[in-house]
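Data first, discussion second: the structure below is written as structure tokens.
The values are calculated or read from the model by the stated rules, or taken from the named source; none is laboratory data. What you see is a predicted model; the values in this text were computed from it and never measured. Here the Cβ positions follow ideal geometry from the backbone for every residue, glycine too, while neighbour counts run over all protein chains shown.
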Amino acid sequence: MRHLVIFVKAPRLGAVKTRLGRSIGQVAATRFYRRISQRTIKGLVGRNWQTWLAVSPDADLHGAFWPRGIRRRRQGPGDLGQRMARAFRELRGPVVVVGSDIPGLHARHVEAAFRELGRVGAVFGPAVDGGFYLVGFGKAPRYNLFCGIAWSQPDTLAATLAALAPQRAALLETLEDIDDVVAYRRAIASLP
């Protein structure tokens with residue numbers, strides 16, 4: 001069974017897109033997160049993989065803002081790397097993890113990730129800012145690959161790939177995460 005895990009945060013004021021919120025205001029940032037995460041979820045469910053929402057904080061697992069009919073799981077404690085590692089350990093088969101706030105992310109990216117996992121052990125979707133919007137493994141790494149990785153840094157992907165070596169990884173198309181007002185304006189202009 002192939003699993004897609006969409007990491008989501010409860011869309012509460014001041015709890016999502018906080019860096020963006022410093023530029024455009026927390027209300028606008030929260031509204032944007034709700035819009036883009038709903039669009040992402042809708043575009044990625046009902047495909048030939050099992051879709052999961054990995055919810056943070058754990059207390060919001062059954063929140064009314066999550067669509068019905070999609071399996072949910074708690075992200076659990078720890079930094080982003082610990083929470084992603086938990087998803088890879090607990091689900092069997094190829095697993096792809098994505099963020100919920102990447103406007104350019106479509107089902108074709110997830111399909112490409114699973115296709116790449118048929119030939120290599122790992123796949124990443126690079127983000128413009130030096131991080132990644134997608135990570136997938138054919139089977140869970142035997143160690144916590146993400147231990148010691150500095151998140152939201154220009155070298156996050158490079159550091160993760162270095163920790164993965166010598167295992168080969170495929171890279172997908174580079175997409176943009178929306179954390180500043182310039183990227184926000186580009187995203188808003190491109191959304192239907």
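Considering (1) within 23 Å of Trp52 (Cβ to Cβ); (2) surrounded by fewer than 17 Cβ atoms within 10 Å (Cβ to Cβ), the lone condition that Val128 does not fulfil carries the number (1). Taking each residue of segment 11-32 that is over 25 Å from Pro192 (Cβ atoms) and looking for partners that are outside any helix (DSSP H, G or I) and of a type in the set (Lys, Arg) with beta-carbon atoms closer than 7 Å, six or more apart or interchain, yields Ala15/Lys9.
So which of Arg72, Arg22, Arg31 is among the charged types (D, E, K, R) and under 16 Å from the mean Cα position of the chain (by Cα)? Even if it seems obvious, please write down each step before you answer.
Working: Arg22 fails: under 16 Å from the mean Cα position of the chain (by Cα); Arg31 fails: under 16 Å from the mean Cα position of the chain (by Cα).
After ruling out the rest, the residue left standing is Arg72.
The residues of segment 71-88 that are touching a residue at least 12 places away in the same chain (Cβ under 8 Å) and assigned to a helix (DSSP H, G or I), listed by number, are Leu80, Gly81, Gln82, Arg83, Met84, Ala85, Ala87, Phe88. Return yes or no: is Arg2 touching a helix residue (DSSP H, G or I) at 6+ places or on another chain (Cβ under 6 Å), among the basic types (Lys, Arg) and at pLDDT 95 or above? When the stated conditions are applied, Arg2 passes them. For segment 16-71, filtering for residues that are under 18 Å from Ala87 (Cα atoms) and among the hydroxyl-bearing types (Ser, Thr, Tyr) leaves 2.
Okay, residues lined up against (1) farther than 26 Å from His109 by Cα; (2) polar (S, T, N, Q); (3) not in a helix (DSSP H, G or I):
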position	(1), (2), (3)
Leu13	yes, no, yes
Val16	no, no, yes
Arg22	yes, no, no
Thr30	no, yes, no
Ile36	no, no, no
Arg39	no, no, no
Thr51	no, yes, yes
Phe65	no, no, yes
Gly69	no, no, yes
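Yes/no matrix, rows are residues, columns are (1) within 21 Å of Tyr184 (Cβ to Cβ); (2) buried (at least 17 other Cβ atoms within 10 Å of the Cβ):
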{"position": "Ala28", "(1), (2)": "yes, no"}
{"position": "Arg31", "(1), (2)": "yes, no"}
{"position": "Ile36", "(1), (2)": "yes, yes"}
{"position": "Thr40", "(1), (2)": "yes, yes"}
{"position": "Gly43", "(1), (2)": "yes, no"}
{"position": "Ala54", "(1), (2)": "no, yes"}
{"position": "Arg68", "(1), (2)": "no, no"}
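Taking the conditions (1) in contact (Cβ under 8 Å) with a residue 12 or more places away in the chain; (2) in contact with a Ser or Thr (Cβ under 7 Å, 6 or more places away or on another chain); (3) at negative phi in turn, Ala150 satisfies each one other than (1). For segment 144-192, enumerate the residues that are of a type in the set (Lys, Arg) and in contact with a Pro (Cβ under 9 Å, 6 or more places away or on another chain). Across segment 144-192, the qualifying residue is only Arg186. Does Arg108 satisfy being exposed (fewer than 15 other Cβ atoms within 10 Å of the Cβ) and farther than 26 Å from Phe32 by Cα? Against the criterion (exposed (fewer than 15 other Cβ atoms within 10 Å of the Cβ) and farther than 26 Å from Phe32 by Cα), Arg108 does not qualify.
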